[in-house]
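The block underneath contains the structure these notes are about, expressed in C-alpha cells.
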Amino acid sequence: MRTVVLASDHAGFKIKEAVRKALIEGKSSWKVLDVGSYTEETTDYPIFAKKAAEMVQKRQAELGIVVCGTGNGVAIVSNKCKGIRCALAWNKELARLARAHNDANMLALPGRFITEEEAIEIVDQFLDTPFEGGRHERRVSMIESGC
Ligand code: RB5
C-alpha cells in the first residue's frame with residue numbers, strides 16, 4: 001500500500017482534517033499518516049513541515065501533503081530537506097503539473113485560500129498523477145545539485 005503523510009499548522013488544520021477524512025473515508029488506496037498538528041491552537045509550521053519532509057526523505061512515506069495559511073511556509077521548510085521537491089498548488093492543474101513535470105514528492109496547500117472541496121480535488125489529482133519522465137527527467141535530476 002502506498003503511504004502519504006499529512007501535516008499542518010493551526011492555519012492549515014481544517015483543510016488537513018478534510019483531506020485526511022476524504023482519503024480515509026473515500027475509496028482511496030493510500031495509507032494515511034498524520035503527524036499533526038492536531039488542533040487549531042496556534043503553533044509553528046516548521047515543526048510539522050519538518051516531520052513530514054523527513055518521513056518522505058527517509059521513504060517512510062512516498063508523498064507528503066503540508067498545509068499552512070499560505071502554503072509558503074510549509075513549502076519553504078520542506079524544500080530545505082535534501083531530496084524533497086515540494087510544490088505549492090491552489091488548483092488541480094498546478095498539482096498535476098507538479099507531479100508530471102517536477103516529480104514533486106510533496107504538495108503544499110494554502111489553507112486560508114482554498115475550500116475543503118478544492119483541497120480534496122487538488123490532493124486527489126496530485127496523488128493520481130505519475131511523473132512523465134522524458135525531457136523532465138534531466139531537469140529534475142539537475143535540481144539536486146542545488147546552488
Ligand atoms: C500562521 O499565521 C501563518 O503565518 C502560517 O500558517 C503560514 O501561512 C506561513 O507561511
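Data overview
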{"item": "Whole-percent pair-distance distribution, where bins are 10 Å wide, for the alpha carbons of region 81-147", "result": "22, 49, 24, 5"}
{"item": "Angle between the chain longest axis and helix 116-128 axis [Cα atoms, degrees, rounded to 10]", "result": "30"}
{"item": "Rg over Rh [alpha-carbon atoms, Kirkwood Rh] for region 1-91", "result": "0.94"}
{"item": "Contact order normalised by residue count of the chain, Cα under 8 Å, 6+ apart, percent", "result": "25"}
{"item": "Contour excess over end-to-end distance, with Cα ends at E116 and R139 and 0.36 nm allotted per residue", "result": "5.0 nm"}
{"item": "Cleavage-rule hits, GluC sites (Glu not before Pro), region 112-147, DSSP coil, Cβ neighbours within 10 Å at most 15", "result": "E132, E144"}
{"item": "Difference of contour (0.36 nm per residue) and Cα-Cα distance, A100 to T42", "result": "17.4 nm"}
{"item": "In degrees, nearest ten, helix 13-25 long axis to first principal axis of the chain (Cα)", "result": "80"}
{"item": "5 angstrom amide H check on I65, placed H, neighbours 5+ away", "result": "V5, L6, A7, L107"}
{"item": "Between region 1-54 and region 99-132, the alpha-carbon center distance in angstrom", "result": "13"}
{"item": "Rounded tilt (10° steps) of 45-57 against the dominant C-alpha axis of the chain", "result": "40"}
{"item": "Calculated [θ] (222 nm, deg cm²/dmol) that DSSP helices of n ≥ 4 give over the chain, each run adding -39,500 (n - 2.57)", "result": "-13000 deg cm²/dmol"}
{"item": "At most 11 other Cβ within 10 Å, DSSP loop - GluC sites (Glu not before Pro), region 1-54", "result": "E41"}
{"item": "Karplus-derived HN-Hα couplings along region 58-72 (A = 6.51, B = -1.76, C = 1.60, θ = phi - 60°), whole Hz, x at Gly and Pro", "result": "7, 6, 7, 9, 7, 9, x, 10, 10, 9, 9, x, 9, x, 6"}
{"item": "In the chain, lysine pairs closer than 21 Å at Cα, eight or more apart or cross-chain", "result": "24"}
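No lab work stands behind these numbers, since they all come straight from the coordinates. As the structure is a prediction and not an experimental result, all values here were calculated from the model. As a convention, Cβ positions derive from the backbone with ideal geometry for all residues, glycine included, and neighbour counts pool all protein chains shown.
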